[in-house]
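Notes to accompany the following structure.
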Amino acid sequence: MQHEVVFAGFGGQGIMLAGQILAYSAMEEGFNVVWLPSYGPEMRGGTANCSVVVSDRPIASPIVPRPGTAVVMNNPSLERFGPAVKPGGCLIINSSLVNIECTRADVCKILLPANQMAIDLGSGKAANMVVLGAYVGATGAVSFEVLTAFMKRKFASKPQFVELNVKALAAGRDVAEAAVRGGS
């Protein structure tokens, strides 16, 4: 088993945090993991992406030129990483901010309004947790329970965000699971 994903957006969207939480959750389950961040010239507002590889065998390279999944939070991310997803893979698209159409017919596309979902739950800052939950719901790369438990520990020093992030993870998971079941 090997899962390769790229999380992409702009600085300030919590892209790196989503990738880190996935990576550490996978480590807790005993998987081999690589997390590779990439920043644009600016931190907040510049481009940001990270790749995560989760595997039950040794990982040969941290570079992910053809990910199985891309989680894209904005238009430039879809333009850059949408074409790179392997045929048969999955694109998880934040339809709150992505307003261009992905015309690929050889990948699963899960459109979810991550920003709006997060706002409806209490804070737009939780959009990264919505898409992280969607990724885990679509792929089963890690156990949702382990993911949630790790996120709670990660936010232990900010307890006011724990309940919101638990709800955001679950909301994203639910949308992705329904989309996968529905064959979208």
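Each value in this text was obtained by applying a stated rule to the coordinates, not by laboratory testing. In this text, all values refer to a predicted model and were calculated from it rather than measured experimentally. Ideal geometry is used to build each Cβ from the backbone, glycine not excepted, and the neighbour counts take in all protein chains shown.
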In nm, give the distance between the simple-model label positions of GLU101 and SER157, each being 7 Å from the Cα along the Cα-to-Cβ direction. 4.7 nm
Along each of the three principal axes of the Cα atoms of the chain, give the extent in whole Å, ordering the values from largest to smallest. 40, 40, 38
Applying 1/(1 + (r/R0)^6) with R0 = 35 Å to the Cβ-Cβ distance of ALA178 and ARG57, what FRET efficiency is obtained, to the nearest 0.05? 0.65
I'd like to know which of ILE100, PHE150, ALA171 lies farthest towards the positive end of the charge dipole of region 2-182, counting +1 on Cβ of Lys and Arg and -1 on Cβ of Asp and Glu. PHE150
Computed, not fitted: 222 nm per-residue ellipticity of the chain from DSSP H runs ≥ 4 (each -39500 (n - 2.57)), nearest 500, equal to -12500 deg cm²/dmol
Please identify every one of the GluC sites (Glu not before Pro) in region 7-100 that sits in a loop by DSSP and has no more than 12 other beta carbons within 10 Å of its own beta carbon. GLU42
How fast does region 74-159 diffuse by Stokes-Einstein, in µm²/s, taking the Kirkwood radius from C-alpha pairs at 4 °C and 1.567 mPa s? 92 µm²/s
Lys pairs in region 76-184 with Cα under 22 Å (8 or more apart in sequence, or on separate chains) total 8
Which ³J(HN,Hα) values, rounded to whole Hz and listed in residue order, are derived for region 69-77 from phi using the Karplus coefficients 6.51, -1.76 and 1.60 in 6.51 cos²θ - 1.76 cosθ + 1.60 with θ = phi - 60°, glycine and proline given as x? 9, 10, 9, 10, 9, 8, 4, x, 5
Ranking request for peptides 65-75, 97-107: highest mean number of other beta-carbon atoms within 10 Å first, then the rest in descending order. 65-75, 97-107
Theoretical gain in end-to-end length, GLU79 to SER38 [0.36 nm per residue, Cα-Cα removed]: 13.1 nm
Between GLU29 and ALA149, what is the label-point separation in nm under the 7 Å Cα-to-beta-carbon projection? 1.3 nm
